[in-house]
Amino acid sequence: MQRPFNFSAGPASIPEAVLREAAADMLDWHGSGMGVMEMSHRGKEFMQIAAEAEGDLRELLAVPANFRILFLQGGGLGENAIVPMNLSRGGAVDFVQTGSWSKKSIAEARRYADVAIAASNAAAPGTIPDPATWSLRPRASYVHVCSNETIDGVEFHALPDLKALGSDTPLVIDCSSHILSRAIDWSRVGLAFAGAQKNIGPAGLTIVIVRDDLIGHALPITPSAFDYKVVAGHGSMFNTPPTWAIYVAGLTFKWIKAQGGVAAMDARAAEKSALLYAALDASPFYASRVAPAARSRMNVPFFLRDESLNDAFLAGARERGLLALKGHKSVGGMRASIYNAVPVEGVQALVTWLNEFAARHG
Ligand SMILES: Cc1ncc(COP(=O)(O)O)c(C=O)c1O
């Protein structure tokens, strides 16, 4: 059976090989007599699963030894509070606003810290303000950017080099929707966080990768289960971790390694996104509203010029096994999320449908 292609923004497509392996292990993991969901997180079986997942993620992203990898819960929105609780010391933090998710992060951080917007694309949506123009406060504890705006389809193709701008402030990135699709330059980053439910696996797991020296300064109001020092001190097992999600994430990490690692994911993302944007740009029937230099390789929002045809487009797509293409409700139109698990064949099938639909209605 050929599964449909799933363009959901998250929770999203998971590699079929990963789903099949998880299904095969469901009742009995490696002869242990237990499914992973039934195991103690402190038992040797699960400890091995978690240690391998962490080790594989460290290898895939070339995470340096002075960074801790934490497995948490609470999602990206949880981190919008947990990061300022841990890093702000109640003082100044700077944000760059490039779309819906950075806006949400700003609103949440205001509850814990003195927030300033160092730069914003509000006057030019679909672009990324040039880092040379950002107003960075030397006393800020960190600078937050959303490195891939899932709703707006805006991506940083290179992380800003704050040191080159004369700033020592650590950069915090919300990389929820493009983690593992490209390498991360850790010399530019103090903390990276990501919900797992896009490029990694099931919802319920949040990954935080944080430089050692940024740990240990949590505000007194920080819940212990979200204090990075406490979580790191317990090897992400202070409270019961999301065991199933960690296990499936581990399978995905092994799948990525077998595919050729992050470099292979990067090349695939380049190929798939180029194919899709080329089809959109070639037809007057469709429009992308994101500046070419800032176009996301993971989330591709687009519009039919005649929006009265939206329902017909989506219905035809569904008939062809192309699922979840409806745009986010705040934006409208369409969105194709082409995460690591969406194969190039899925994008080719979408392009075929784009062309067929335009020929029929154009
Ligand atoms: C970039 C980004 N940040 C944060 C979130 C929020 O994640 P969660 O729903 O896990 O809290 C999302 C979810 O789509 C996202 O795309």
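Would you kindly identify the strands (runs of 3 or more DSSP E) lying entirely within segment 103-208 that contain at least 3 residues that are under 13 Å from the mean Cα position of the chain (by Cα)?
Hits in segment 103-208: 191-195.
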Original post:
Which residues, taken from segment 143-189, are of a type in the set (S, T, N, Q) and crowded, with 24+ Cβ neighbours inside 10 Å?
Top reply: Ser147, Asn148, Thr150, Ser176, Ser177, Ser181
**OP:** Could you please find all residues in segment 65-79 being within 11 Å of the ligand (Cβ to nearest atom) and open to solvent by 10 Å² or more (accessible area, probe 1.4 Å)?
**Re:** Gln73, Gly74, Gly75, Gly76, Leu77, Gly78
Original post:
When you look at Tyr286, is it touching a Phe, Trp or Tyr at 6+ places or on another chain (Cβ under 6 Å) and not assigned by TED's automatic domain parsing to the domain that holds Lys198, yes or no?
Top reply: yes
Original post:
What tally of residues in segment 272-317 results from selecting those that are in a helix (DSSP H, G or I) and closer than 26 Å to His157 by Cα?
Top reply: 14
Subject >> Number of the exception - Thr240 against (1) crowded, with 21+ Cβ neighbours inside 10 Å; (2) among the β-branched types (Val, Ile, Thr); (3) not in a helix (DSSP H, G or I) >> reply: (1)
Original post:
Are any of the residues in segment 127-134 more than 16 Å from the ligand (Cβ to nearest atom) and closer than 25 Å to Ile215 by Cβ?
Top reply: no
**OP:** Give just the number: which of (1) touching a helix residue (DSSP H, G or I) at 6+ places or on another chain (Cβ under 8 Å); (2) part of a helix (DSSP H, G or I); (3) away from the ligand (no atom under 16 Å from the Cβ) does Ala23 not satisfy?
**Re:** (1)
Original post:
Does any residue of segment 86-97 turn out to be assigned to a helix (DSSP H, G or I) and within 16 Å of Ala192 (Cβ to Cβ)?
Top reply: yes
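Output the residues belonging to segment 67-102 that are small (Gly, Ala, Ser) and either within 18 Å of the chain's Cα centre (by Cα) or not assigned by TED's automatic domain parsing to the domain that holds Ala140 (or both). First the steps, then the outcome.
Just the residues of segment 67-102 that are small (Gly, Ala, Ser), to begin with: 74-76, 78, 81, 88, 90-92, 99-100, 102.
Gly74, Gly75, Gly76, Gly78, Ala81, Gly99, Ser100, Ser102 - these are the residues of segment 67-102 that are small (Gly, Ala, Ser) and either within 18 Å of the chain's Cα centre (by Cα) or not assigned by TED's automatic domain parsing to the domain that holds Ala140 (or both).
Scan segment 36-60 for residues that are touching a helix residue (DSSP H, G or I) at 6+ places or on another chain (Cβ under 7 Å) and surrounded by 13 or more Cβ atoms within 10 Å (Cβ to Cβ) and jot them down.
Narrowing segment 36-60 to residues touching a helix residue (DSSP H, G or I) at 6+ places or on another chain (Cβ under 7 Å): 36-37, 39-41, 46, 49-50, 52-53, 56-57, 60.
Selection gives Val36, Met39, His41, Phe46, Ile49, Ala50, Glu52, Ala53, Asp56, Leu57, Leu60.
The values are calculated or read from the model by the stated rules, or taken from the named source; none is laboratory data. Remember, it's a predicted structure, so these values are computed and weren't measured experimentally. Backbone-built Cβ (ideal geometry, glycine too); neighbour counts: all protein chains shown. Side chains included, ligands, DNA and RNA excluded: accessible areas come from the protein's heavy atoms. Shrake-Rupley method; radii C 1.70, N 1.55, O 1.52, S 1.80 Å.
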